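Enquirer: Dropping the structure in here first, questions after.
The values are calculated or read from the model by the stated rules, or taken from the named source; none is laboratory data. What you see is a predicted model; the values in this text were computed from it and never measured. Positions of Cβ are backbone-derived with ideal geometry, glycine not excepted, and every protein chain shown enters the neighbour counts. In case anyone asks, the SASA skips ligands and DNA or RNA and just uses the protein heavy atoms, side chains included. Shrake-Rupley method; radii C 1.70, N 1.55, O 1.52, S 1.80 Å.
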Amino acid sequence: MAELAYTPVDEIPKIHAELRAGFNSGKLKSIEYRKYQLLQLAYLVQENADRIEKALQSDLGRPAIESRFIVEILSIEINTTIGDALTAYESVEKWAKPEKPPFHLNWTLMKPTIYKEAKGVVVIISPFNYPVWLTLGILAGAIAAGNCTLLKPAESTPATSSLFAELVPKYLDNDLVRVVNGAVAETTKILELPWDHILYTGSGRVAKIVSAAAAKHLTPVTLELGGKSPVIIDPNCDLESAASRILWGKVVNAGQTCVAPDYILVPRSFQDTFVDALKKKYQEFYPGAQGPKEDEAYSRIVTKQAWGRIKGLLDGTKGTVVIGGEVDEQGKYIAPTIVKDVPGDDSLMSEEIFGPVLPIVPVEDLDEAIRYVNAHDHPLALYVFTKDDAVKKKVLTSTQSGAFSAGEVLIHPGVEGLPFGGIGPSGSGYHTGKYTFDTFTHFRAALDSPSWLDKILGFRYPPYSVKKLKATDRFRRKLPAKPSGPPTSLTSSSSWRKWWVFALAIAIAAGLTKRRAGLAN
Ligand code: NAD
């Protein structure tokens, strides 16, 4: 295993001060300089793609095909990070352009404007599971927004984090971007200092520590967390596609993906049919006698400690293992494992699994599945497999989650233009593309009010009078007619109601015309 050189704790305040000086230098006020740094970032990843893949292989046993493929199709690591840097490079002028609020007669003469300004000196604290994307990809947004940035990669991916410490100073301006490597002591020191924004990706447990430390300086935080992302199976689904996608979503990176399907909710009567479909897919995915253990396309668990945690959850289950179950501590290996008949209060349901174990919780019907989801923390992702649009709509409208996908898993964070973020215990704030830029941007409200405006606005000054008080009425907005009571239906939209009224009016008019014609005859 690679050795990671930790940054001496007493150097951290110095790095903080140097980044502050870098910000004050104003270099990143220049959009051209931001673009130069963004292109350098893209080249950092492109020119070192082989080394990065090897580092990921060393840290996570991750096969190169996953690092690249996931990336190309799903946009998770190397190509995505290049893509993020390039999108920011191409869009930064547009993103950073001052905006006008919607026209309003009262204010237009003051030229109201929203300036997009950097927050200042920011920190990105990253987890181990997609270390390149969740460090350098997010950095692209911070640079585009004009911030100086401290990167704190995960200590459990020593090869990748060492590579960041080597490559960042070679490619990026050292006054503007720095790397601090280390674990709890180093991160604690970072968190003692005043930053202008902290974007933390990781577990809810550490997020509470980060939030408490940030509160001392009133530092704004974005929390990209995890949790248990459920999959709801409707028997009326494309079974083969559901089995392939769900199993794939669980084996990628050995289940160490924040949006991996965490557990399945399936009607009891359909559980065995679904398990058979998963078994068939498992054979297709890993046809060799040794299964995934010898297969180069299957990652390992990041540390022995993480391996022990997942094995402990598996050991405690009251369910029945129907696929996999093999473990090997030395190789930090856990086979993709499916467990059926898992009760709602099982060890496997007690926390985010973050590994290749997939519990199946049988329920009576869709309503019970929805009740189960709603009785727990809002998940980062919620998946449903059904051919029935009404079921999709019901799941979407009767639950809350960071994201929702019908018929798909894992892909949504890579879909350009969609925000990526959780809700409640699965996180707060968003990233990817323009959302990362906005996260690291202060929207500075500005006015430029000419003195002659006091010909209109002079009534604000004392001495106050009834006449002046009346003048303020000009600024009060008109309300629509007062409703006679709450809407009769809370589900039908008002536009539908309009159409109903319209159809009714036509029907009455047609009826009257007919009657008149009848009378005339
Ligand atoms: P983690 O919380 O253990 O570590 C993340 C970072 O926090 C590391 O850099 C680590 O050094 C630092 N840290 C750890 N303990 C600390 C402490 N006591 N004080 C200060 N800093 C500390 O998370 P992890 O195991 O690397 O990642 C797994 C978690 O991250 C899962 O819950 C997963 O769902 C979540 N995740 C979320 C997203 C997302 O975008 N929402 C993406 C990837 C992972």
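Enquirer: Given a 1.4 Å probe and the protein chains all in place, what does the accessible area of Arg444 round to, in Å² to the nearest 10?
Expert: My reading of the accessible area for Arg444 is about 120 Å².
Enquirer: Give me, ordered by chain and number, the residues 5 or more places off His442 or on other chains with an amide H under 5 Å from its own placed amide H.
Expert: Residues meeting the criterion, in which the H sits 1.01 Å from N, are Glu117, Ala118, Lys119.
Enquirer: Placing +1 at every Lys and Arg Cβ and -1 at every Asp and Glu Cβ, with all other atoms neutral, what dipole size does the chain have around its Cα centre, in debye to the nearest 20?
Expert: Details: 60 positive and 57 negative charges, 775 e Å.
It works out to roughly 3720 debye.
Enquirer: Report the antiparallel proportion of the DSSP beta bridges in segment 325-478 as a percent, rounded to a multiple of 5. Could the numbers behind the result be given before it?
Expert: Working: 3 of 10 bridges.
Once the DSSP bridges in segment 325-478 are tallied, antiparallel ones form about 30 percent.
Enquirer: Once fully extended, how much extra length lies between Ser489 and Arg51, figured as 0.36 nm per residue of separation less the alpha-carbon to alpha-carbon distance? Spell out each step's value before the answer.
Expert: Numbers: separation 438, 0.36 × 438 = 157.68 nm, distance 6.04 nm.
Length difference between fully extended and current span is 151.6 nm.
Enquirer: Ordering His16, His217 from largest to smallest accessible area (1.4 angstrom probe), what's the sequence? Mind showing how you got there, number by number?
Expert: Working: His16 20, His217 75 Å².
Final ranking, largest accessible area leading: His217, His16.
Enquirer: For Ala481 and Asp389, FRET efficiency with R0 = 30 Å and r from the beta-carbon atoms, rounded to 0.05?
Expert: That gives a FRET efficiency of 0.25.
Enquirer: Mind giving me the nanometre distance, one decimal, between the label points for Ala471 and Phe443, set 7 Å out from Cα along Cα→Cβ?
Expert: Taking the simple label geometry, Ala471 and Phe443 are separated by 3.2 nm.
Enquirer: Considering only Cα-Cα distances, which of the following residue pairs are longer than 20 Å: Lys293/Lys318; Lys94/Lys434; Lys29/Lys116; Lys340/Lys392; Lys27/Lys216?
Expert: Numbers: Lys293/Lys318 25 Å; Lys94/Lys434 10 Å; Lys29/Lys116 11 Å; Lys340/Lys392 24 Å; Lys27/Lys216 29 Å.
Table pairs above 20 Å Cα-Cα are Lys293/Lys318; Lys340/Lys392; Lys27/Lys216.
Enquirer: So if I average 1/r over every pair of distinct C-alpha atoms in the chain and take the inverse, what Kirkwood radius in Å does that give?
Expert: Values: mean 1/r = 0.0383 Å⁻¹.
By the Kirkwood definition, the hydrodynamic radius is 26.1 Å.
Enquirer: Along the positive direction of the dipole of segment 230-415 (beta-carbon charges: Lys, Arg +1; Asp, Glu -1; about the Cα centre), which of Ile323, Cys258, Ile233 reaches farthest?
Expert: Towards the positive end, the residue furthest out is Cys258.
Enquirer: Among Thr439, Asn48, Ala375, whose Cα sits farthest toward the positive end of the charge dipole of the chain (+1 at Cβ of Lys/Arg, -1 at Cβ of Asp/Glu, about the Cα centre)?
Expert: It is Thr439, whose Cα lies furthest towards the positive end.
Enquirer: Once label points are set 7 Å from the Cα along Cα→Cβ at both Trp452 and Lys311, what is their separation, rounded to one decimal in nm?
Expert: 8.1 nm
Enquirer: Rank these residues by their accessible area, most exposed first, probe 1.4 Å: Glu117, Glu329, Glu416.
Expert: On the way: Glu117 60, Glu329 95, Glu416 155 Å².
The most accessible residue leads, giving Glu416, Glu329, Glu117.
Enquirer: Tell me the Kirkwood radius of segment 230-415: reciprocal of the mean inverse pair distance over distinct alpha-carbon atoms, in Å. If you can, show how the numbers build up before the last one.
Expert: Values: mean 1/r = 0.0609 Å⁻¹.
For segment 230-415, inverting the mean 1/r across all distinct Cα pairs yields 16.4 Å.
Enquirer: Counting helices only, and only those DSSP H runs with n ≥ 4, report the 222 nm mean residue ellipticity of the chain as the sum of -39,500 (n - 2.57) divided by its residues, in deg cm²/dmol to the nearest 500. All intermediate terms of the calculation are to be shown ahead of the outcome.
Expert: Details: 18 runs with 211 residues, N = 521.
About -12500 deg cm²/dmol.
Enquirer: On to the next question. Tally up the carbon and sulfur contribution to the accessible surface of the chain as a whole percent, 1.4 Å probe, everything protein left in place. Each step should come with its number before you reach the end.
Expert: Details: 14890 of 25750 Å².
Exposed carbon and sulfur together represent 58 percent of the surface.
Enquirer: Taking a temperature of 37 °C and a viscosity of 0.692 mPa s, what whole-number D in µm²/s does Stokes-Einstein yield for segment 178-286 with Rh from Kirkwood over alpha carbon pairs?
Expert: Values: Rh = 17.0 Å.
Estimated diffusion coefficient is 193 µm²/s.
Enquirer: Could you tell me which helices of the chain pass both thresholds, a Cα extent of 27 Å or more along their own axis and a mean Kyte-Doolittle hydropathy of at least -0.5, with helices taken as whole DSSP H runs? Mind dumping the intermediate values first?
Expert: Working: long enough: 494-520 (39 Å, 0.48).
For the chain, where a helix must reach 27 Å along its axis and average at least -0.5, the hits are 494-520.
Enquirer: Can I ask one more? Find the accessible area per residue for segment 288-397; the probe is 1.4 Å, ligands and nucleic acids are left out, and the unit is Å².
Expert: On the way: 4940 Å² over 110 residues.
Ligands and nucleic acids excluded, the result is 45 Å² per residue.
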